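The values are calculated or read from the model by the stated rules, or taken from the named source; none is laboratory data. The structure displayed is predicted, hence computed values, not measured ones. Note: ideal-geometry Cβ built from the backbone for every residue, glycine included; neighbour counts use all protein chains shown. When the accessible area is computed, the model is the full protein with side chains, heavy atoms only, and any ligands, DNA or RNA have been set aside. Shrake-Rupley method; radii C 1.70, N 1.55, O 1.52, S 1.80 Å.
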Amino acid sequence: MNYEFKDGLEFAQFLDNNDCLGYLRKKFYIKNNSIYMCGNSLGLASKDSEETTIQVLEQWKKEGVKIWNVDNNKFYMYSMHLAKLMAPLFGADHDEVAIVSSTTVNIHQLVSTFYKPTKERYRILQDDINFPTDRYAVDSQVRLKGYDPEDAVKIVKRNGKYLNEDDVIEAMTDDVAILLLPTVYYRTAQVLDMKKVTEAAKKKGIIVGWDMSHAAGVLEVNLKELNVDFAVWCTYKYLNGGPGSPAALYINRKHFDLLPGMAGWFGNRCETQFMLRQEFDHRKDAGGWQIGTPHLLSMGALEGSLKIFSDVGMTEIRKKSLKITKYLIDLIDQKLTRFGFSVGNPREDSKERGHVCLEHGEGYRISLALKARGVVPDFRDPNVIRLAPTAFYTSYEDVYKMVDILIDIVTNETYKEFSVKRNLVV
Ligand SMILES: Cc1ncc(COP(=O)(O)O)c(C=O)c1O
């Protein structure tokens, strides 16, 4: 990364003027006088997404049920259509990716597909700092097979704030059937070494699954090279697919012959789907893991957004993401630590980022004070303000100004005007 930190607004503006992705900002809807730092939770709407959403709506208005037939069945096959844009961002073949359901449902779908416990091999390896939905899903899958999660879900414990890959590898005992871990941690933004963990698991005959929700649209990942068995990710964070946009699943083509754990008529072969036979005729690609009718209106926005990602490519996106998050970390180190702030991210480029994990004992009230000043962060208990400068729509000037606002909030203690009582959605 070609970058030497300097303080001052002028330096931020210099970085903006030399940002080769800066032209993308005007594609997004950014509220006046607002600094949006929440792309790790919900990405902003783009004009491209608006256009493709309206296109779907227009087709529905014009065609009614014939929407399924227009454009060579584009919308009937919409998952496949979007997978062609999505798969190259993850180094996957397009028929290994489906755009479907939510991440949690996809975890259920893929764990139920792969989890075939025997007396000797019946445990699923997880950790104790992942986003909890993964754990809820895995626990319930284990229960459905008649096992007790206390025994059958093997938890690798954190080391301080982070998970150590060597601890994961040590936990790969012969009774482990499946491993499911996140690529990037939702709180600290720690990046796990997917290669190291996957290779070790493969040597042990363990099925490997990754939740890439916080990696999608930020990290360069090559699923084919890694040879993982399955992966899931959501599309509403950095991928800017819109609130509740459908998630993605990846299934390695060597597993296409497996039957889905949760079958439905959209996983049937296209050629026989509308024959409506009682026997399931499994489609032998990722589309075979679809369940019901695709959510066209929610998928529309994703099409526009993915086109931007395809045009730019993940290499440039990762470069900008690393640089702008490093810039924020440098500003924190130089200007905020004296006010009790600290950076919760690991400090090596390979292990950190997407977002910046800003810690402070008064984090919650400071996050409310930020919102009152037009900055949009989010907060994770007990003390983490998550700040996500994104490659497409965050400027260096935004980052610089936000740090100034933080200094003002703590210097004047304006956060004390807010209640510590948590909102329903923080
Ligand atoms: C790692 C991870 N997995 C899954 C989810 C939730 O996925 P969904 O709501 O699409 O089921 C999140 C949400 O933030 C997440 O951070």
Hey, among 393, 400, which residue is part of a helix (DSSP H, G or I) and in contact with a Leu (Cβ under 8 Å, 6 or more places away or on another chain)? 400
With the structure loaded, tell me whether residue 354 is over 15 Å from residue 35 (Cα atoms), touching a His at 6+ places or on another chain (Cβ under 6 Å) and open to solvent by less than 20 Å² (accessible area, probe 1.4 Å) or whether it fails that test. yes
Among the candidates 186, 236, 250, which residue alone is of a type in the set (Ser, Thr, Tyr) and out of contact with any Phe, Trp or Tyr (no Cβ under 9 Å at 6 or more places or on another chain)? 236
Reported set for segment 90-128 where residues are among the polar types (S, T, N, Q), more than 16 Å from the ligand (Cβ to nearest atom) and open to solvent by less than 30 Å² (accessible area, probe 1.4 Å) is 113
Scanning for something part of a loop (DSSP other than H, G, I, E, B), more than 22 Å from residue 197 (Cβ to Cβ), of a type in the set (Lys, Arg) and at pLDDT 95 or above, does segment 130-144 turn up at least one residue? no
Can you say whether residue 63 is farther than 24 Å from residue 218 by Cβ, open to solvent by 40 Å² or more (accessible area, probe 1.4 Å) and free of Cβ contacts under 8 Å to residues at least 12 places away in the same chain, as far as the supplied structure shows? yes
Looking at (1) outside any helix (DSSP H, G or I); (2) within 29 Å of residue 316 (Cβ to Cβ); (3) in contact with a strand residue (DSSP E or B) (Cβ under 6 Å, 6 or more places away or on another chain), which is the one condition that is false for residue 426? (2)
Identity of the residue in segment 303-348, in the same structural domain as residue 265 (by TED's automatic domain parsing) and touching a strand residue (DSSP E or B) at 6+ places or on another chain (Cβ under 7 Å), that ends up farthest from residue 162 (Cα to Cα): 304
Can you tell me which residue among 196, 254, 202 is out of contact with any strand residue (DSSP E or B) (no Cβ under 6 Å at 6 or more places or on another chain), open to solvent by 40 Å² or more (accessible area, probe 1.4 Å), within 19 Å of residue 109 (Cα to Cα) and part of a helix (DSSP H, G or I)? 254
Condition test on residue 228, is it modelled with pLDDT of 95 or more, surrounded by 15 or more Cβ atoms within 10 Å (Cβ to Cβ) and either within 18 Å of residue 354 (Cβ to Cβ) or small (Gly, Ala, Ser) (or both)? no
Among 241, 209, 217, 267, which is the only one that is at positive phi and either touching a Lys or Arg at 6+ places or on another chain (Cβ under 7 Å) or within 16 Å of the ligand (Cβ to nearest atom) (or both)? 217
Tell me which of these residue 419 doesn't satisfy, since it passes every other one: (1) in a helix (DSSP H, G or I); (2) surrounded by fewer than 22 Cβ atoms within 10 Å (Cβ to Cβ). (1)
Tally, over segment 150-159, of residues that are in a strand (DSSP E or B) and open to solvent by 90 Å² or more (accessible area, probe 1.4 Å): 1
Would you confirm, using the coordinates I've provided, whether residue 208 is in contact with a Ser or Thr (Cβ under 7 Å, 6 or more places away or on another chain), buried (at least 23 other Cβ atoms within 10 Å of the Cβ) and at pLDDT 95 or above? yes
Residue selected from segment 265-297 under the condition among the polar types (S, T, N, Q) and open to solvent by 30 Å² or more (accessible area, probe 1.4 Å), by the criterion nearest to residue 248 (Cα to Cα): 293
Of the listed residues (2, 18, 40), the one being open to solvent by 80 Å² or more (accessible area, probe 1.4 Å) and either assigned by TED's automatic domain parsing to the domain that holds residue 384 or closer than 26 Å to residue 372 by Cβ (or both) is 18
Quick check on this structure: which one of 147, 185, 162 is within 16 Å of the ligand (Cβ to nearest atom), open to solvent by 40 Å² or more (accessible area, probe 1.4 Å), in contact (Cβ under 8 Å) with a residue 24 or more places away in the chain and among the hydroxyl-bearing types (Ser, Thr, Tyr)? 162
